[in-house]
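Working notes, beginning with the structure itself.
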Amino acid sequence: MTQVVVARRMPRQKVGAIADGAFKVLLGVVCIAGAAPLGRLLGTPAWLMVVSGVALLVGGGVGIGYVRSRSVRTYTRLMVAYDGGWVLAALAGLVMAWRGSGAGGEVWMRYQTVAPLAFAALLFAAAPARTVSD
């Protein structure tokens, strides 16, 4: 007797949440592995690059880990807030660099340190997704 396995399709939004987490993990690895040269390029100390990389690894890992147990709506709201802050931090850094300040990269990397940890904490604190049986 053959067993038929029916694969449930994962909603696109959940695939997007996994991709978001994977991107954070990848960015974290890059920050850690290239801390010294990236730090010089961005005008930030290497230790900040490493700390940011660890924060990104944590944020991305928690994001991937909670995909099945948190609602798509929660993920979407948190990702929009995170990405909106990311854009604002990048714009602030660009404006600072354009005006001759060397702190633009540091502003952006400090955001990359705080925001993934806040994302992970809020995701951890969020109510679990409701199941059909609830």
Leu88 vs. criteria assigned to a helix (DSSP H, G or I), surrounded by fewer than 19 Cβ atoms within 10 Å (Cβ to Cβ) and modelled with pLDDT under 95: no
Selection within the range 66-82 - aliphatic (A, V, I, L, M) and either on the phi > 0 side of the Ramachandran plot or exposed (fewer than 14 other Cβ atoms within 10 Å of the Cβ) (or both): Val80
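Being more than 13 Å from the chain's Cα centre (by Cα), under 16 Å from Asp20 (Cα atoms) and of a type in the set (A, V, I, L, M) narrows it down to one residue among Val72, Val95, Val62, Val51; which is it?
On inspection, the qualifying residue turns out to be Val72.
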Number of the condition not met by Gly100 [criteria: (1) closer than 30 Å to Pro11 by Cβ; (2) assigned to a loop (DSSP other than H, G, I, E, B)]: (1)
Qualifying positions in the range 48-65 - surrounded by fewer than 23 Cβ atoms within 10 Å (Cβ to Cβ) and free of Cβ contacts under 8 Å to residues at least 60 places away in the same chain: Val50, Val54, Leu57, Gly61, Ile64, Gly65
Failed criterion for Arg40 (all others in (1) in a helix (DSSP H, G or I); (2) at pLDDT below 90 hold): (2)
Subset tally (residues that are crowded, with 18+ Cβ neighbours inside 10 Å and more than 14 Å from Val54 (Cβ to Cβ)) for the range 11-32: 3
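If you take the residues in the range 91-111 that are crowded, with 17+ Cβ neighbours inside 10 Å and among the aromatic types (Phe, Trp, Tyr), which one is nearest to Leu41 (Cα to Cα)?
Looking only at the range 91-111, we keep the residues that are crowded, with 17+ Cβ neighbours inside 10 Å, and these are 93, 96-97, 104-111.
With the extra rule that they be among the aromatic types (Phe, Trp, Tyr), the set shrinks to 108, 111.
Working: Trp108: 13, Tyr111: 17 Å.
Ranking the qualifying residues of the range 91-111, first place goes to Trp108.
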When residues of the range 106-126 are limited to those that are small (Gly, Ala, Ser) and assigned to a helix (DSSP H, G or I), the one modelled with the lowest pLDDT: Ala125
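The values are calculated or read from the model by the stated rules, or taken from the named source; none is laboratory data. Note that the coordinates shown come from a computational prediction; the quantities given were computed from them, not determined experimentally. Glycine also receives a Cβ, built like all others from the backbone with ideal geometry; neighbour counts cover every protein chain displayed.
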